[in-house]
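Reading through the C-alpha cells given below for one structure.
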Amino acid sequence: MLLVRCPWCGDRDEAEFRYGGQADVDYPADPHQLDDAAWGEYLFVRANPLGSFNERWVHTAGCRRWFSLVRDTATNEMSPDIPRRRESR
Amino acid sequence: MMSSSNPNRLNASVRPGRIDRTRTIHATVDGRAVPGRPGDTLASAMLAGGDIEVGPSIQRGRPRGVFSADCTEPNALVQRLDGDCPEPMLPATEIELQDGLRVETLSGVGWLSEQRDTAGYDKKFVHSDVVVVGAGPAGIAASLAAARGGARVMLVDQHRELGGMLLDGQAHIAGHPATEWIGRAARELAENEQVRVLTRATALGCYDHNYLLIAERRADHPDAPPSPTIRQRLWHVRAKQVVLATGAHERPLVFADNDRPGVMLASAVRSYLNRHAVLPGREAVVFTTSDSAYSTALDLLGTGARVPAIVDTRPEPPTRLVEQVRAAGAHVVTSAAVVATGGEHRVSGVRVRGIDGNGSLTEWSAEFPCDLLAVCGGWNPAVQLFAQSGGAVRWDPVVAGFVPSGAGGRSARVVGAARGTYDLAGCLAQGFASGAEAATLSGFRTAPPPVPQVDGDRQASRPRPVWLVPDESRSPEECTEHFVDQQRDATVADIHHALGTGMRSVQHVKRYTTISTGLEQGKSSGVNAVGVLADALSAGSPGEVGTTTFRPPYTPVPLALFAGRTTGRLYDPVRTTPMHRQHVEAGAVFEDVGQWKRPRYYPRGNEDMHAAVLRECSAARTGVAVQDVSTLGRIEIVGSDAPEFLDRIYTNGFAKLAVGKARYGMMCGADGMVLDDGVSMRLAEDRYLMSTTTGGAAKVLDWLEEWLQTEWPELDVYCTSVTEQWAAVAVVGPDSRTVVGRLAPDLDVSAESFGFMRFHETVLVGGIPARISRVSFSGELAFEVNVARWYGQALWEATMTAGSDLDITPYGTEAMHVLRAEKGFVIVGQDTDGTVTPVDLGMDWAVSKHKDFIGKRSLSRPDLVRQDRVQLVGLLPTDTTTLLPEGAHLVEPDVSRRPPVPMAGHVTSSYHSAALERTFALGLISGGRQRIGEVLCAPVGGRDVEVEITSPVFYDPEGARRDGPEQG
C-alpha cells in the first residue's frame, strides 16, 4: 500500500486513488491533423522507464482532483511533480 | 525431583522457567492427555512428558522429532481439532498449551475442513510514529528510546511476553538477571500512553512506505477470555519509521541421518531448559560451528545433564569457552563433525570424524552415546521483513549469514541479531540508537540512553560453517539421508539431482527440490540449500548463489483473517432504492447490478423465472408495466460551456438540443470504443441532466472529471453526481398514458402535447413534485417519472394505485432485458466489451459527421474500418425453442472442427420472447450485416445449433408503437 501525497489532502493510502498513467501526454490539439501512426502513438504508446517517472494520479475517494508526481519505478519513492512542462498547446 | 507425569520437568530450584507451576493444564495429542503448565508450548509440554517423537515424515515415513522451539519447526506439525474450525499445519512449538486443546500429529501435510469457520476475525487500521518489530533486547531498547522521546510507539512481538532470546538464556543486565530489566522495560512501556505493546502478534509483511500487516492472536492461549469475540485481529499499520529487531534463526547442520528424533537445534535445547524448565535429554552431544552452542552445553551441564562431547568444526574454538565447558565436565572435540547417528525412534549415539580445512573427513573417529544431539550450524539473521520491503541482502563472511546490505534508500532500519549483531551489548546499543533516531526523524528529537553493563553475553568469535558434512562412504550425489528440508523430505541428493538436470539458479533448485516451500518457508532450510549449492558449484561464497525471494506472510495465517468481517452479508456494501421494501413485499427475486440490489423478476404463485418474465413482458407490450429505475446513474452538468463539453464527450450533438428535450447519447474512449450510454435532458441553457448505466455511473463521472481537469480546464463546467437525489419509475405499455394521466392530473399526456423525448415538470397526486419524460427502452409508449428520493415509496404506491384496474405489472431487469433486446437496443457491457465501436453496433445514426468528439479520430483508423469487424446482428435458432447460451461461439457450418476452429462471432444476449413466441438472440458476427439470412452453427453441449443471422430489430421495426395506441 503506497502512501500517496495528494497536493490538496496530504498523505493518503493508495487505495483512495486511481492511477492515471504517464503524465504530460497531451490530447492532440487537432487529432484529425495526425496521420494514423501518430494517432496510434498517442493512443497506445507510453514510456515505461526503470527509475524516475512523471505520472498522474486522481484522488477518487477524496477530493477527486488530478495531479502529477514523480515516482521512482524501482523503489516507489515519490516526490512532487516537477514544474509544468507545457508552455502552450 | 521430577514428577512422574512430567519426567523431564526441571525442579523450580534448578530452573524456575517462565511457567506457572501452581496450575496443571491438559491438552490431548492423538487422543492421549498431555499435561503441562501455563507458559508451556504444546512442544515443551510433550518434551516435559518425555515425548520427542512426532508424526513420521511426509514422503519416506521416517521417524521425526521435535526439532526447534520456534516458527522454523519442520516436524512437530499438528492439526487442531478443537475450536471453531479444524486448523491445519500448526507448529507445536508455537501453540500455547491450554486446557481443552486437542490436536493430531501430522506427516508434513494437514487437511482442510469443510466446516465453516465461525470464529471472529477483524481488522484495525492505525498510524504510528515508530513501529518496532521484535521485543528481544534490541527491540525493547529501541522502543524505550523512541518512547522516551515522546513518539507514538508500537512494539510487536510474536510471543506472549517480551524478552525474545533473553528468555532463553541467563544474561545479566546492569548487575541483575535480564528478566528484571525486561520487567522494568515492560512496565515503563505499559505506563506510557503513547506506547502500544502487541504481544502474540506477528508482523506478516512490511511493505512500501512503512506499511505493515500484523496478525494478533487474541484467543487460543491461557490468558484469553473463555469465549473471545475476536480470535485474531489483522492490524494495518502506517508508520513514520520502522525498526526491525526480528532476531535470527539457528541453522541446522547437514550430515547423514540428521533427521533422527533427538536431533534438535542447540538454541531450542537452551530455550526448553531456561524458558520452560524442560530437559529434553539426559545425555547430550553438542555439534556446532560457532560459539553459541557452548552456552547450551553449559546450561545442560548446569542442570545435571551429561555432555559426552562438544563437537566443533573449528580447529581452535575460543580457549575461554573450551576451558569453561571442560571445567563443567564436558569434552571438546575440535576440527570434527558428526557423520552418523544411531538409534531408531530416538538417537542413541553419534559417530564423529575429524574434518580438515577443506571440509574432507580425516581418519580420526570416535563414537559417543547420547539421547540428544544439539546442533548449531550458525545463524540466519531474520531479514524476511527487511527484504520484503525492498531491502537488499549481502553475504557477510564474518557472521556467516545474509545480512541487510548497508544502503538501499529504505527507511526500515534493522538492528541486533537481524543484522548479524549477536552480542547483547551491541544489540542494546543498536536498539537505543535506532529508537532515538527513529523518534527524531518522526519529529521527536531525542538522544539514545546510555547502554547498561551486561554479562552472560553470547560469544562472538568467527564461526566455521560446514554446509555439507561428507558421508563416510558415499558421494554428495548419493547423500539421500542428508536432509536439507525435513518437512519436504528433501536431501543433498535432491539438490545434486537438480544440478544434474542443468539447473543452476537457487530459484529453480528450490522449486525442483521443494526445499524451503514448506511451513518454515526457508527460515531454517534456505541458507543450507544455498550453501550446499555453493559448494557443488564451487562458488566462492553463498553470496554468489544468492537467496530466493522473501515474500509475505512471514508465518502462515488463516485466510479468514484477511477476510475479517467482510464475509456474507458484509462482503460488499449493498445499495437499495427507496422502494426496496415494496419490492421485497411484492416477492421480488433480486440480482446484483454493481452494488445495487435490483428486482430481477416478480414471481406470482409458483412461477419460475421463465414464466414470470414472459408474463411481465406481455404486460409491457399489451397493457401496462412498471419498473423501478432509480438505480440509473445521474450526473448534473452545469456551466456556460456545458453544451460544448457534452458535444465533445458524446458521439452525437447536444449543444443544439432544445431546453425541455432529451436525447440518447453514446460516449466512446479516445480509442473509439463504446464506453457508456444514456439519455440526457437539457434542463436549461447551461444545465443538463445526464443519465448513465447503473453500473457505469462512477466511471463516467471520473471520465468527465478527467477531461475537465486535465485537458480542458478552460471550460466552465461542473459535474455533480445526483444519482442518490432521485427516485424514478418507468411506466411502460399501451396503457401507460392512462396511468400517467391519472398520476399527473395537471399534465396533458396526449401524444400531441407530450412528444417523444420531451420532459415536463408537474405535481403528482398527493402533491409530489415530479419531472416526467417520454423515453422508452422497450419500443413501447413509456414514461419515466422522477421524484425527489424521499418520495420514492409514495411514487411507487401512487403508480400501483393509478394502474390497479389495468393490472399494472411490476417488472424486473430480466423482462427489461428481453424487451430492449426485441428492439435491438444494446446494453453497454453486455453487447459490448470494450472492443466494439458505435459503428460495429450499427449505431452510425448516433455518430456525428459534423463535429469532433472523443474517439472520432479513431473511427477512421484502418483497423476500425475493416469490413470483417464484428457487427451486431440478430440470431434466430432454427428450432424456435432452443435457447442459445450467452457467450456461445458461432462457427461456419462446414468448417473443420480440428482446433484452432475459426470463430465467426459470439452470442451476447439470448432470451425467450413472449411477443415473438420463440427464442432469439443478439450477437457480434464478423461482417454480420452483409450476412443477413445466412446460417451459422453454435456448437453447444456436444451438438450443433443452427442459427440464422437476422436484423437485430425483431419487434416493431417501424417504431409504430412508440407513441402508443390512437388517442382514446
Where Rh is the Kirkwood radius over the Cα pairs of the protein assembly as shown, the temperature 20 °C and the viscosity 1.002 mPa s, what D in µm²/s does Stokes-Einstein return? 62
Coarse-grained scattering of the stretch A:3-72 at q = 0.20, 0.24, 0.26 Å⁻¹, given as base-10 log I(q)/I(0) from a Debye sum over alpha-carbon atoms: -0.85, -1.01, -1.10
Let's test the formula: R0 of 45 Å, r as the Cβ-Cβ distance of B:R565 and B:A539. What FRET efficiency results, to the nearest 0.05? 0.35
Expressed in nm², what is the orientationally averaged projection area of the convex hull enclosing the Cα positions of the stretch B:285-360? 5.2
Just how large is the dipole of chain B about the Cα centre, in debye to the nearest 20, putting +1 at every Lys and Arg Cβ and -1 at every Asp and Glu Cβ? 2040
For the stretch B:101-180 and the stretch B:570-595, write down the distance between their C-alpha centroids in whole Å. 45
So if I average 1/r over every pair of distinct C-alpha atoms in the stretch B:735-816 and take the inverse, what Kirkwood radius in Å does that give? 13.1
In the stretch B:546-590, which chymotrypsin sites (Phe, Trp or Tyr not before Pro) are in a loop and have at most 12 other Cβ atoms within 10 Å, using DSSP for the loop call? B:Y571
From the phi of every residue in the stretch B:102-113, what ³J(HN,Hα) in whole Hz does the Karplus formula 6.51 cos²θ - 1.76 cosθ + 1.60 yield, where θ is phi - 60° and glycine or proline is x? 9, 9, 10, 6, 10, 10, x, 8, x, 9, 9, 8
Let me know the Rg and Dmax you get for the stretch B:633-721 when you use only its Cα atoms, in Å. 11.7, 32
With labels modelled as points extended 7 Å from the Cα through the Cβ direction, what inter-label distance (nm, one decimal) is found for B:S475 paired with B:T319? 4.4
For the stretch B:221-280, what is the Kirkwood hydrodynamic radius in Å, using each pair of distinct C-alpha atoms? 16.4
How big is the gap, in Å, between the Cα center of the stretch B:765-817 and the Cα center of the stretch B:656-707? 23
Where in the stretch B:716-752 does the amide nitrogen come within less than 13 Å of the point 7 Å from the Cα of B:Q595, taken along Cα to Cβ? B:724
First select every other residue whose beta carbon is under 13 angstrom from the beta carbon of A:H32; then total the charges, Lys and Arg +1, Asp and Glu -1. +1
Note: B:Q930 to B:T24 extended length (0.36 nm per residue) minus current alpha-carbon separation gives 317.6 nm
Students often forget the sequence filter, so: which lysines lie under 22 Å Cα-Cα from B:K849 once same-chain residues fewer than 8 apart are removed? B:K656, B:K661
Top of A:E16, A:E77, A:E41 by mean-square fluctuation, Gaussian network on chain A, Cα under 10 Å: A:E41
Relative to the longest principal axis of the C-alpha atoms of chain B, give the angle of the C-alpha long axis of helix B:697-710, reported between 0 and 90° and rounded to the nearest 10°. 90
Computed over all unlike Cα pairs, the Kirkwood hydrodynamic radius of chain B in Å stands at 33.7
Which of the listed residues, A:A61, A:V45, A:A29, is farthest toward the dipole's positive end in chain A, when Lys, Arg count +1 and Asp, Glu count -1 at the beta-carbon? A:A61
In degrees rounded to 10, the 0-90 angle between helix B:137-148 Cα long axis and the longest Cα principal axis of chain B is 60
One finds, for B:S750 and B:R445 with R0 = 56 angstrom and r their Cβ-Cβ distance, a FRET efficiency to the nearest 0.05 of 0.10
Given Cα pairs under 8 Å that are at least 6 residues apart, what percent is the relative contact order of the stretch B:98-247? 32
Per DSSP H run of at least 4 residues, take -39500 (n - 2.57); add these up for chain B, divide by its residues and hand me the 222 nm value, nearest 500 deg cm²/dmol. -6000 deg cm²/dmol
Do you know the relative contact order of the stretch B:633-721, to the nearest whole percent, from alpha carbon pairs under 8 angstrom that are 6+ apart? 39
FRET efficiency for B:H497 and A:N48 from the Cβ-Cβ distance with R0 = 41 Å, rounded to 0.05, comes out at 0.55
Just to be sure I understand the model, the point goes 7 Å from the Cα along the line to the Cβ. What's the resulting B:V638 to B:V895 distance in nm? 5.4
Any lysines with Cα under 22 Å of the B:K240 Cα? List them, leaving off those in the same chain fewer than 8 positions away. B:K123, B:K124
Residue separation times 0.36 nm, minus the C-alpha to C-alpha distance between B:R282 and B:D852: what's the value? 196.2 nm
Distance in nm between label sites at B:E104 and B:A392, each 7 Å beyond Cα in the beta-carbon direction? 5.0
How high is the relative contact order of the stretch B:25-105, given as a whole-number percent (alpha carbon pairs under 8 Å, six or more residues apart)? 38
In debye, nearest 20: dipole of the stretch B:633-721 around its Cα centre with unit charges on the Cβ of K, R (+) and D, E (-)? 520
The long-range amide H neighbours of B:Y121, using H built 1.01 Å from N in the peptide plane and a cut-off of under 5 Å, are B:R231
Interchain or long-range residues, amide H under 5 Å from B:R306's placed H: B:E283, B:A284
Nearest 20 debye, what's the magnitude of the dipole of the protein assembly as shown about its Cα centre given +1 on Lys and Arg Cβ and -1 on Asp and Glu Cβ? 2220
Given 4 °C, 1.567 mPa s and a Kirkwood radius over Cα pairs, the Stokes-Einstein diffusion coefficient of the stretch B:89-138 in µm²/s is 82
Please report the antiparallel percentage of DSSP beta bridges with both residues in chain B, rounded to the nearest 5. 75
Considering the dipole of the stretch B:25-105 built from charges on the beta carbon (Lys and Arg +1, Asp and Glu -1) around the Cα centre, which of B:V54, B:P38, B:Q98 is farthest to its positive end? B:V54
Once the Cα atoms of helix B:266-276 and of chain B are each reduced to a long axis, what angle between those two axes, in degrees from 0 to 90 to the nearest 10, is obtained? 90
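Values quoted throughout were computed directly from the atomic coordinates according to the rules given, and no laboratory measurement underlies them. Keep in mind that what you see is a predicted model, and the values were worked out from it rather than measured. Here the Cβ is made from the backbone with ideal geometry for all residues, glycine too, and neighbour counts use every protein chain on show.
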